[in-house]
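All remarks here apply to the structure that follows.
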Amino acid sequence: MLNRRTLIRAAAGAVATLGAPVLRAQGERILLAQSAPFTGPAAQLGIQFHQGAKLYFDSVNAQGGVHRRPIELVKLDDGYEPDRCVENTRKLVAEDPLALFGYIGTPTSVAALPLATSARVPFFAPFTGAMALRNPFNRYAFHLRASYNDETELIVRQLTSLGLKKIAVFYQNDAYGQAGLSGVERALNALDGKPVATATVERNSVEVAAAVKKLVAAQPDGIVQIGAYKGCAAFIRAARAAGFGGTFFNVSFVGTQALADELGKDALGVVVSQVMPSPYNSARAITREFTAAVAKGGKDYQANFSSMEGYLAAKVITEGLKRGPAKISRDGLIAGLEGIGNENFGGFNVSFSPNDHVASKYVELSMLTGDGRVRT
């Protein structure tokens, strides 16, 4: 983890599309289904998570699957739009999947979870830290990552520990942005503070001029960004051009490598909180396993935080399947996941129980360099 002051300075069951023929019953395969952005301004989040999951499922299938059944992951593109996600979810649930897996984003997941719950389909590892998906407890929802409250608490603690108390928030104008803003406000309120200014950007938009004008005028020490990589990159460039010399902090959903790629040399010094082990630090066994899988997978695969999350999500749900009964069912998967208890997955601790479906509170900070790298 970075010093605090430095921070301021083609196997069986491989992924298919829903357009291909799909069996109605589980039968001889284990069907998982995903709606995520595979096109549009947030596409890299869906693509990379999906590719990471595919790497792990392919390796499982190459060894005979789980209980002698291959795992198949079907996907639909929602463009990171809730209405499209709802339509996709209805289609996917109609295909009778064992679980919905790896949905990307808060507004989409908030729209989809009631459908999953109504159909009694497990909703596993959504790529979001929103508390609205965690409270109240939902038997069908399982969360792999820490919450946005956990992330923003660390960010605020980092800033205030250095005496930087004028904190502004640039956030997406939807459920995701509101979740992140709430986390920042909660952390600042615990210190008898509040944001010096806030401003928004619309989902899937890079129209940031008004937000830049408002936040730069407030002269904050740091700006916390709650958005996806294209909007956040546009804001960073425009704010710097307008004279802002402070630090930018992002939560993990931004898409770390995608943000670095979008910014190029302008990424230098941008901080991102992380909820997964670093794919760039080989100290953990899970990182060594993951990077070996990426190397074996070939040029279509990348090692980054988003693909690492997909890989770990696939690994954990597979463990739940193995712990469940040989006669695979949704209730059996839930029991298998809850039966994991406290388990170390190569240096990433996971804790599930019948009363707690939030696996982790792990958060650390990383910094982007000007040459496309991520320092942790």
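Every number here is computed from the coordinates shown, using simple stated rules; none is lab data. These numbers were taken from a predicted model, which means no experiment stands behind them. Glycine also receives a Cβ, built like all others from the backbone with ideal geometry; neighbour counts cover every protein chain displayed.
Test of understanding: ordering S282, S147, S35 by Cβ neighbours within 10 Å, fewest first, what list do you get?
S282, S147, S35
Charges only on Cβ, +1 for Lys and Arg, -1 for Asp and Glu: so what's the dipole of segment 231-376 about the Cα centre, in debye to the nearest 20? Spell out each step's value before the answer.
Details: 15 positive and 13 negative charges, 47 e Å.
In total the dipole reaches around 220 debye.
Cα centroids of segment 336-376 and segment 144-198: how far apart, whole angstrom?
So the separation of the two Cα centres works out to 20 Å.
Taking a ≥ b ≥ c as the square roots of the Cα gyration tensor eigenvalues, with a/c under 1.5 meaning rounded and otherwise prolate when a/b beats b/c, else oblate, which class fits segment 219-376? Walk me through the intermediate numbers first.
On the way: a/c = 2.73, a/b = 1.97, b/c = 1.38.
It comes out prolate by the Cα gyration axes.
Given charges of +1 on the Cβ of Lys and Arg and -1 on the Cβ of Asp and Glu, with all other atoms neutral, how large is the dipole of segment 229-296 about its Cα centre, in debye to the nearest 20?
Dipole size: approximately 60 debye.
Explain nothing, just compute: Karplus ³J(HN,Hα) = 6.51 cos²θ - 1.76 cosθ + 1.60, θ = phi - 60°, for every residue of segment 171-188 in order, whole Hz, x for Gly and Pro.
In residue order, the calculated couplings are 9, 5, 7, 6, 4, 5, x, 5, 5, x, 4, 4, x, 5, 4, 4, 5, 5 Hz.
Using a simple charge model, +1 on the beta-carbon of Lys and Arg, -1 on the beta-carbon of Asp and Glu, nothing else, what dipole does the chain show about its Cα centre, in debye to the nearest 20?
Details: 40 positive and 32 negative charges, 110 e Å.
Here the chain has a charge dipole of around 540 debye.
Just subtract the alpha-carbon distance of A335 and A285 from 0.36 nm times their residue separation and send over the number in nm, one decimal. Show your work: numbers first, answer last.
Details: separation 50, 0.36 × 50 = 18.00 nm, distance 2.68 nm.
Between A335 and A285, full extension yields an extra 15.3 nm.
Quick one: T39, T256, fewest Cβ neighbours within 10 Å first, how do they rank?
Neighbour counts put them in this order, fewest first: T39, T256.
Once you sort the root eigenvalues of the Cα gyration tensor of segment 40-128 as a ≥ b ≥ c, which label holds: rounded (a/c under 1.5), prolate (a/b larger than b/c) or oblate (the other case)?
Taking the square roots of the gyration eigenvalues as a ≥ b ≥ c, segment 40-128 is oblate.
Would you mind ranking V270, V110 so that the residue whose beta carbon has the fewest other beta carbons within 10 Å leads the list?
V110, V270
Quick one: which of K166/K230; K91/K296; K214/K265 span more than 32 angstrom between C-alpha atoms? Walk me through the intermediate numbers first.
Details: K166/K230 25 Å; K91/K296 34 Å; K214/K265 25 Å.
Exceeds cut-off: K91/K296.
Please give the peptides 61-74, 290-303 ranked by average Cβ packing (other Cβ atoms within 10 Å per residue), highest first, as a rough proxy for protection.
Per-residue mean Cβ counts within 10 Å order the peptides as 61-74, 290-303.
To one decimal place, what orientation-averaged projected area in nm² is obtained for the convex hull of the Cα set of segment 296-376?
If I average the Cα hull's projected area over directions, I get 7.3 nm².
Based on the Cβ-Cβ distance of E87 and T39, what FRET efficiency does E = 1/(1 + (r/R0)^6) give at R0 = 22 Å, to the nearest 0.05? Could the numbers behind the result be given before it?
On the way: r = 15 Å, r/R0 = 0.69.
It comes to 0.90.
Select from S59, G177, F124 the residue farthest towards the positive end of the dipole of the chain; place +1 on Cβ of Lys and Arg, -1 on Cβ of Asp and Glu, and compute about the Cα centre.
The residue sitting farthest along the positive end of the dipole is S59.
Once a ≥ b ≥ c are taken as the square roots of the eigenvalues of the Cα gyration tensor of segment 144-255, is the result rounded (a/c under 1.5), prolate (a/b larger than b/c) or oblate (a/b not larger than b/c)?
It is oblate, given that a/c is not under 1.5 and a/b is not larger than b/c.
Which FRET efficiency value, to the nearest 0.05, is calculated for N344 and A132 with the Förster distance at 30 angstrom and r the Cβ-Cβ distance?
Calculated value: 0.55.
Out of the DSSP beta bridges found with both residues in the chain, what percent are antiparallel (nearest 5)?
Working: 13 of 46 bridges.
In the chain, approximately 30 percent of DSSP beta bridges are antiparallel ones.
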